[in-house]
1. Out of all the residues in region A:132-173, which are assigned to a loop (DSSP other than H, G, I, E, B), of a type outside the set (Asp, Glu), open to solvent by 30 Å² or more (accessible area, probe 1.4 Å) and farther than 22 Å from residue A:115 by Cβ?
2. Given B:50, B:79, which one is surrounded by 16 or more Cβ atoms within 10 Å (Cβ to Cβ) and closer than 30 Å to residue B:126 by Cα?
3. Taking only pairs six or more apart or across chains, which ones have beta-carbon atoms under 9 Å, a first residue in region B:38-59 that is more than 15 Å from residue B:76 (Cβ to Cβ), and a second residue that is not in a helix (DSSP H, G or I)?
4. Are there any pairs, at least 6 apart or on different chains, whose C-beta atoms fall under 7 Å, with the first in region B:378-398 and more than 17 Å from residue B:426 (Cβ to Cβ) and the second open to solvent by less than 20 Å² (accessible area, probe 1.4 Å) and not in a loop (DSSP other than H, G, I, E, B), and if so, which?
5. Restricting the first residue to region A:296-310 and requiring it to be at positive phi, which pairs with a second residue that is among the basic types (Lys, Arg) meet a Cβ separation below 8 Å and a spacing of at least six or different chains?
6. In this structure, is residue A:111 surrounded by fewer than 18 Cβ atoms within 10 Å (Cβ to Cβ) and assigned by TED's automatic domain parsing to the domain that holds residue A:171?
Amino acid sequence: MAGVLHALYKKGRDQWLFQLRDSEPGTVTLTMRRVFIVPTRAGMMFAVLLLVMLVGALNYNLGLGFALTFFAGACAVADMVLTARNLALLQLAPGRAPPVFAGEEAQFDLYLRNRSRRDRYAVWLGFQADGEPRQAVDVVAGGDSAVSLSAPARQRGWLVAPRVRLVTRFPLGLFKAWSYWQPDARVLVYPAPEWPAVALPSSGAASEDGHGTVGLDNFAGIRPYQAGDPMRHLAWRQIARHDPALGGQLVTKHFEGGAVAELALDFAALPLQMDLEQKLSRMTGWVMEAEQRALPYRFRLAQHDYGPAHGEAHRAACLQALALFGLDGQR
Amino acid sequence: MSSARLALRLTRDKSDTLLLLAASLMVLAPHFAHLPLWISALACATLLWRAAITWLGKRMPPTWLLVPIAVAAMAGVYRSYHTLLGREVGVAMLVLLLAFKLLEMHARRDLFVVTFLSFFVLLTNFLYSQSMPTALWTVLTLLVLLTAQQSFQYTSLVPTLAHRLRITLKVGALAAPLALLLFVAFPRIQGPLWGLPGDANSARSGLNDSMAPGTLSSLAQSDDIAFRVRFAGAVPAQQQLYWRSIVLGDYDGRTWTRVPRKRGLQRLEVAIHARGAPVRYETTMEPSNTRWLALLELAAPDLSVPGFRLRDSDEMEQFTTEPVTHRVRYDAAAYLDYTLQAGESPQRMMHWLELPAGFNPRTLALAQRLRAATPADAPVQQLSNAVLTRFRTQDYRYTLEPPLTGANAVDDFLFTTRAGFCEHYAGAYVVLMRAMGVPARVVTGYQGGERNPVDGYLTVRQSDAHAWAEIWSQQGGWQRVDPTAAVAPERVERNLARALPRPAPFGLAPLLDLQNNPDSWLAQLRFAYAALNNSWNQWVLDYNPDRQRSFLEELSSMFGHWRTALGAVLVAVLLAVLRWQRARRPVDALEALYAAFCRQQLRHGYGRAPSEGPRSYAARLRTMPASTEKHAAMEQFLHLYGMLKYGAGGTESRSASLATLTTLLPLCR
């Protein structure tokens, strides 16, 4: 019974009072209705002080004492208004959220836009779940500010940005105004690469063709540098002889065999006894390894069959497939 | 964090702390005027120490060092005041506490403790002074204090000090109307809520119920205000302004005291014949810490002082049952032309003839001679005139610094020193009259007052304290005689300040003349300031329950006037109709937004022509001088409106578009 009541209370508080809502697309404006305010501990102390001052002024019949007390009280009220206005009508927009590997921290870029004619100082931001916000930002009148909040990415798949809490105590610190915002942002979390890394599948189709291992041992000369060539394949000796600044050009060592031999990363070829996440981790590690060595690779996972290729786009497609494998409804 | 930013942050903490120190110094400074020297010095030293720590970036002193210092300071306070209770001691300890707290400030919480303590110390300063300069200083201090408090709230971006002061001013400007409303309307209770500590009303001067040589002349050096008076009609002539306070009848050869009231004695029937209409006036009396009132002679009997019960005596004195410890305001009336106790049987006046035996033999002999020189059936005025003539013709001087007199004070004064203040003249006169068999008594009170031409208030100061005499005859009753007027008539005709030639140092006499000449600009300035000060007292310091009631009544009667009331009702009806009109308007949110947009632009002189559609309107608005953001917002607003209105359709839902329009609207302002 108590549990039900507590749940009802929480629901009422969050939905009716704090109006927590799902993410809203695009830019969100913090209307006055969404800004909440309570006195801080210092504010409560101040209230007690005012009472003491009032009693003192009464007891000693101090006309100026009354004036001081009432003015101080009115300053607190003004502070309340200004604190709420420090948040109100601030515009919020999500920014970039680059993919991360599971176990890393996901970074959410958030933008605060101030279209009003007054500066906003000392606005603290943080994810609601993290307790008191620890990042502060100022937004000058008519300006933008960016903040980056990080949240741990524990599982592969889409990580929706947690709810953001904005808090301010400016200007006098007697009141705390806060507001909630669910940014419309998510981060793709790739599976964590297997550690320690396992060597790339060496016995691929290439060895069956009799070309030996998929190797880089068949040096076939040099060719002009093309965008995307890995750094380690640059022919440093030749480059050093013809300084690029003096009209020389970058040259890349060219290997034979790599193009013919096909490196295939096939999910289905992994040992059966491995569990799903382990398999995904290994595939991820291989993709990274192949990318690092600039080996074109074929990628097979369920209905996905990419490549052979290498490069940023290929890598992203493969990792996305790995991240979302088996997670229905997430695209 | 780079080292450069670290250094920046440190300097910022430094400047914030120094600002707080400046605010604390401003809070403490007014208290130095009344605190023992060592406390002021200790507080200053503590502030300096803290400033040095901040400036040099040193560590704060450890607790084991601070605790003994604090304990020693408390012991010092006990040594200075011989108590740890009471108002003065409390203020001293608060001052020390604030200074020490600055040395023990680590967390943000401590910052609030310091500022809140400062607020309270500011309040305690009003126990000592509530003048306009004090108020001005308090306002300045508050500005710095609030700016310091605000400075600690910033995170990375910190505006300049001037900008922060502006923000504080904004807070103050927002607060001022509310503070004023609270001040006027907050229900006032007449304090105190509980018994005041014994020293609450110390250091007040005023008339006493005894008079020895030197009593009044010491009072005459005091510039303190005794009371202020506003007459309902014309101000009576200066020679008629005798403010009666205490009647002294018992004389022991040196000191005049009141005639003690004997227990169980029947009150006399005092016969008063008043002629003419009474003069009505309102008195604002400064706290005197005594029970005596000073009333214009002769006070009408229907007197009431709010908050006090009154007593009166056969000698036409009026006094309260409790000492007056706060400023009171009361209405009174006086009959300038009266006869008091005429036709009384002489037997009942016998005790106004008593003189102590063995004192002042030469005076008694003089009285015998004067009596012998006058016919036995001559009126008492003739005897009185003989004495006054002696004062006038025999080289008597009027001075604030009379020479000391011996055991036979009146003898010494009359025959040796011949220099005295009103108390000497009044005392000697009464002794002489009694010695000649005329019932006589000394009356003390105030004479005159300074009229401020700016606001019409008459200010009576302690320096206007005066003593005069009354003599009795069966035909005339008690009659006022002012022996001082015989010696220094200007004392009565004008006022004391001009009656006494004051020594002017460094050849500043012309300046003093300037001040005393009521038409000079300096005097005008002085009067204007005094008038301002008086309204300050009347409206700020002394806004008590009565004044509040009368002010609010005045306000309500102003609104009670039928024309004002009608106007207010009309305005209210108009507002209601406007509201109703607004509520009646079609509730189409889109049209409302568009109308609001058009109204906004109309204010810039770009109202929408009735024939203009959103597209042509947008084209015209592009020619408006405004920021790029505004142009972008207007463009987007009109585009979105056109799409919604004419069904071109968009990617967003209608409600989302409306929300966008709502957010765009303020940007188009």
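1. Within region A:132-173, A:134, A:154, A:155, A:156, A:162, A:163, A:169 meet the criteria.
2. Working: B:79 fails: surrounded by 16 or more Cβ atoms within 10 Å (Cβ to Cβ).
Exactly one residue qualifies, and that residue is B:50.
3. So the pair list comes out as B:49/B:61; B:50/B:60; B:50/B:105; B:52/B:58; B:53/B:59; B:53/B:60; B:53/B:61.
4. Here the result reads B:379/B:473, each pair linking region B:378-398 to a residue that is open to solvent by less than 20 Å² (accessible area, probe 1.4 Å) and not in a loop (DSSP other than H, G, I, E, B).
5. Taking only residues 6 or more apart or on different chains, the pairs are A:307/A:298.
6. Considered against the rule, which asks whether it is surrounded by fewer than 18 Cβ atoms within 10 Å (Cβ to Cβ) and assigned by TED's automatic domain parsing to the domain that holds residue A:171, residue A:111 comes out as yes.
Residues checked against (1) touching a helix residue (DSSP H, G or I) at 6+ places or on another chain (Cβ under 7 Å); (2) at the interface with chain A (Cβ under 9 Å from one of its Cβ atoms):
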| residue | (1), (2) |
| --- | --- |
| B:54 | yes, no |
| B:80 | no, no |
| B:100 | yes, no |
| B:107 | no, no |
| B:134 | yes, yes |
| B:149 | yes, yes |
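Residues checked against (1) under 22 Å from residue B:270 (Cα atoms); (2) of a type in the set (Phe, Trp, Tyr):
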{"site": "B:292", "(1), (2)": "yes, yes"}
{"site": "B:296", "(1), (2)": "yes, no"}
{"site": "B:309", "(1), (2)": "yes, no"}
{"site": "B:322", "(1), (2)": "no, no"}
{"site": "B:328", "(1), (2)": "no, no"}
{"site": "B:334", "(1), (2)": "yes, no"}
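The values are calculated or read from the model by the stated rules, or taken from the named source; none is laboratory data. Quick caveat: nothing in here was measured; it's all calculated off a predicted structure. We place every Cβ from the backbone using ideal geometry, glycine too, and count neighbours over all the protein chains shown. Only protein heavy atoms, including side chains, enter the accessible area calculation; ligands, DNA and RNA are left aside. Shrake-Rupley method; radii C 1.70, N 1.55, O 1.52, S 1.80 Å.
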